[in-house]
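Here the structure comes first, spelled out in structure tokens, and everything after it is commentary.
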Ligand code: SIN
Ligand code: FE
């Protein structure tokens, strides 16, 4: 077991590991007038939950509008991905060299009128877990930017991870043997789901579908002004969006051995609670 490093107030990674949530004051992603117009067009159409951009392959997915608009949105998300990487390197320097840039996304819809399936409904408290992209124990760190010029984005936050895991673990079941391998073989998942991924997906679904939990476990609310930027380990802190429109998001992965205190990671906590190795 590694010894926890002493807290450095200039490095946001310590606060993030403790609280799973941190604002980035005075850091705002610049959106041009033309870009804002384009983002607004899709927000008004309201068809997509997520338009995603893969910085590695420079590919945009899910833009339902014209191709030239798509090119402009792609260029903006590429710029956002690089801005977000620089910002994380700057704010959390001790993760530099270990953090992995994953997808960026644009979330256009007005949250208040989102009639989505419960599983996709981020208005319900949940931990993030990816259905097609198993993380294999790596952390999910996300940077969010409220790019709406008028509306606040509002989140509810919930209980700490251990409490959350204790609540739902007894209701989880192991995967049917062979199924994770089969899903990967047919391309339904990008890699084989580990027992960790299996548990996190179930905890995600159990939380979102539990009406009692949804009603009683919202512990505090955070409001993000237009232009505000914030970060969260969304695999650790239950979160739910309450209001807002037009947000950008950048996902990063972080191996647990890059943390100051690996024992506080969801992977190690779940291993401790289940008494077995999960990756
Ligand atoms: C999320 O649930 O990860 C995103 C919430 C939001 O859309 O603000
Ligand atoms: Fe989420």
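Just to be sure before I move on: is residue 77 surrounded by 14 or more Cβ atoms within 10 Å (Cβ to Cβ), over 17 Å from the mean Cα position of the chain (by Cα) and farther than 30 Å from residue 268 by Cα in the structure I sent?
No: the conditions fail for residue 77.
I'm trying to understand the selection: among the residues of the range 70-120, which are closer than 28 Å to residue 206 by Cβ and free of Cβ contacts under 8 Å to residues at least 12 places away in the same chain?
Listed by number, the residues that qualify are 115, 117.
Out of the range 147-164, which residues are within 15 Å of ligand 2 (Cβ to nearest atom) and crowded, with 19+ Cβ neighbours inside 10 Å?
153, 155, 156, 157, 158, 161, 164
Test residue 216 against the criterion of being farther than 30 Å from residue 26 by Cβ and modelled with pLDDT of 95 or more, and give yes or no.
Considered against the rule, which asks whether it is farther than 30 Å from residue 26 by Cβ and modelled with pLDDT of 95 or more, residue 216 comes out as yes.
Go through the range 117-147 and give me each residue that's more than 17 Å from residue 55 (Cβ to Cβ) and either within 11 Å of ligand 1 (Cβ to nearest atom) or in a helix (DSSP H, G or I) (or both).
Within the range 117-147, 120, 121, 122, 123, 124, 125, 126, 127, 128, 129, 146 meet the criteria.
Only one of (1) free of Cβ contacts under 8 Å to residues at least 12 places away in the same chain; (2) within 23 Å of residue 17 (Cα to Cα); (3) part of a loop (DSSP other than H, G, I, E, B) is not met by residue 163, so which one is it?
So residue 163 meets the others, but not (3).
Report those strands (runs of 3 or more DSSP E) wholly inside the range 39-107 carrying at least 3 residues which are touching a strand residue (DSSP E or B) at 6+ places or on another chain (Cβ under 8 Å) and within 24 Å of residue 230 (Cβ to Cβ).
In the range 39-107, the matching strands (runs of 3 or more DSSP E) lie at 51-54, 100-107.
For residue 170, only one of the following conditions fails: (1) more than 10 Å from ligand 1 (Cβ to nearest atom); (2) farther than 30 Å from residue 185 by Cβ; (3) in contact (Cβ under 8 Å) with a residue 24 or more places away in the chain. What is its number?
(3)
Hey, does the range 27-36 have a residue that's within 20 Å of the chain's Cα centre (by Cα) and closer than 21 Å to residue 243 by Cα?
The answer is yes; a qualifying residue exists.
Would you point out which residue out of 219, 206, 248 is touching a strand residue (DSSP E or B) at 6+ places or on another chain (Cβ under 7 Å) and away from ligand 1 (no atom under 15 Å from the Cβ)?
Numbers: 206 fails: touching a strand residue (DSSP E or B) at 6+ places or on another chain (Cβ under 7 Å); 248 fails: away from ligand 1 (no atom under 15 Å from the Cβ).
Of 219, 206, 248, the one residue that is touching a strand residue (DSSP E or B) at 6+ places or on another chain (Cβ under 7 Å) and away from ligand 1 (no atom under 15 Å from the Cβ) is 219.
Between 39, 60, which is crowded, with 17+ Cβ neighbours inside 10 Å and without any contact (Cβ under 8 Å) to a residue 40 or more places away in the chain?
60
Can you tell me which residue is surrounded by the fewest Cβ atoms within 10 Å (Cβ to Cβ) among those in the range 7-26 that are farther than 18 Å from residue 258 by Cα and under 19 Å from the mean Cα position of the chain (by Cα)?
The residue in question is 23.
The values are calculated or read from the model by the stated rules, or taken from the named source; none is laboratory data. Not measured: the values here are computed from a predicted model. Neighbour counts run over all protein chains shown; Cβ positions are idealised from the backbone, glycine included.
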